Every structure is written in structure tokens, then in C-alpha cells.
Amino acid sequence: MASAWHLSHKYDKRALPLADRHYNRRKVGSPQFVPPGRSLVLLTESADALWTTSWPIAEYVRHDWAGAWVNSLFRNESPALASDLIRQAIAATRARWPEVPALGMVSFVDERKVRHKRDPGRCYRKAGFKLVGRTRKDKLLVFQMLEPDMPAPCAALEKTQ
């Protein structure tokens, strides 16, 4: 399957409106919307979906999944199925960094800030993530995908700008 994602960067002005509408945005309007460190930023050609994978250095991480890739932002306002975009983003992450960390990828979901659903994180579940717990401090839901459940590597398309 061809990727809907194009490579982007943490200062991409086309991605800022999506980042600003994401519930975990700390400084709306700030030109940088990705945590410091290693990252992969993906944007659809029409700039209606945004994904970031962060790979923080384990010793600076305060949660129980230190060393894992972290999906720190996903916003889908496109007609594409969110779970398909998630799997494509994981494939692009694997193409960028071929060696998958032992703890795979995690995503944190604040069930109080997403649209009310019977099962928060549904798009992650449909993409193959499993609910594995909560963070200690903020009690966020933690979804994890390990390497055997990940799609094969598939590079994102080149930048759209």
C-alpha cells in the first residue's frame, strides 16, 4: 500500500494549524510543535493529517516505557481511516529507524480530552496497539505496539514543499 504521508519537519507552517488543534499542544502558535530530540514528522499532501514519532533518549524519560518510540501527536481531519494512517506512519517510522526498540511504540491518550467514546483510543486498537496501562502521574491511557505486530517498513513520500 502506498503511503499517504509525506516527510515534514518540526517547524512546518502547513502543519501548525493541525498541531494547534491537538489537545496536548502546550503553546498554541509556537513555531515548534515536536518535543526536542529525534523525531519523524509526517503530513498528508493536503495538510489534513499530522503524525509525529519521537524517540527520546531513555535516561531523560519519566514514564515506564523509556526507550520506546512515542507517537507524540496524531491529528486526522482527512477522509482517510485513522487506523490506516497510523499503520502507514508506523511503517514510515520503521523505514526511518530500521531497528525497532524492545518496547516498540507507545501512544498516550487522555480520555478526558478526546471525543467521548465507549473505548478511547479506538483508532489505535484498530491499528494493532494494545492497551497496556496508565501513566503514573497523569493517568493517561498507554497503548503499545511491539515489533511483531508492526507493518513492514515503507518510506514516506518526499516533502510536499
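The values are calculated or read from the model by the stated rules, or taken from the named source; none is laboratory data. Keep in mind the model is a prediction, meaning the values are calculated, not measured. Here Cβ is always computed from backbone atoms with ideal geometry, including for glycine, and neighbour counts include all displayed protein chains.
Here are some notes:
- Of the residues making up region 99-113, not one is of a type in the set (S, T, N, Q) and either within 14 Å of Asp149 (Cα to Cα) or part of a loop (DSSP other than H, G, I, E, B) (or both).
- Exactly one residue out of Ile90, Ile86, Ile57 is touching a residue at least 12 places away in the same chain (Cβ under 8 Å), more than 20 Å from Leu141 (Cβ to Cβ) and of a type in the set (Val, Ile, Thr): that is Ile57.
Each row is one residue, and each column tells you yes or no for (1) over 21 Å from Arg134 (Cβ atoms); (2) among the hydrophobic types (A, V, I, L, M, F, W, C).
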{"site": "Lys13", "(1), (2)": "yes, no"}
{"site": "Phe33", "(1), (2)": "yes, yes"}
{"site": "Ser39", "(1), (2)": "yes, no"}
{"site": "Ile57", "(1), (2)": "yes, yes"}
{"site": "Pro79", "(1), (2)": "yes, no"}
{"site": "Leu85", "(1), (2)": "yes, yes"}
{"site": "Gln88", "(1), (2)": "yes, no"}
{"site": "Leu103", "(1), (2)": "no, yes"}
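- In region 36-74, residue surrounded by the fewest Cβ atoms within 10 Å (Cβ to Cβ) [restricted to those that are among the β-branched types (Val, Ile, Thr) and modelled with pLDDT of 90 or more]: Val70
- Selection status of Trp65, of a type in the set (Phe, Trp, Tyr), over 12 Å from the mean Cα position of the chain (by Cα) and over 17 Å from Ser3 (Cα atoms): yes
- Counted residues, region 114-145 - those being in a loop (DSSP other than H, G, I, E, B) and either of a type outside the set (Val, Ile, Thr) or under 17 Å from Ala82 (Cβ atoms) (or both): 15
- Filter result (surrounded by fewer than 17 Cβ atoms within 10 Å (Cβ to Cβ) and farther than 20 Å from Ala19 by Cβ) within region 80-111: Leu81, Asp84, Ala95, Trp97, Pro98, Glu99, Ala102, Glu111
- Of the residues Pro79, Pro148, the single one that is closer than 21 Å to Ala15 by Cβ and either of a type outside the set (Lys, Arg) or in a loop (DSSP other than H, G, I, E, B) (or both) is Pro79.
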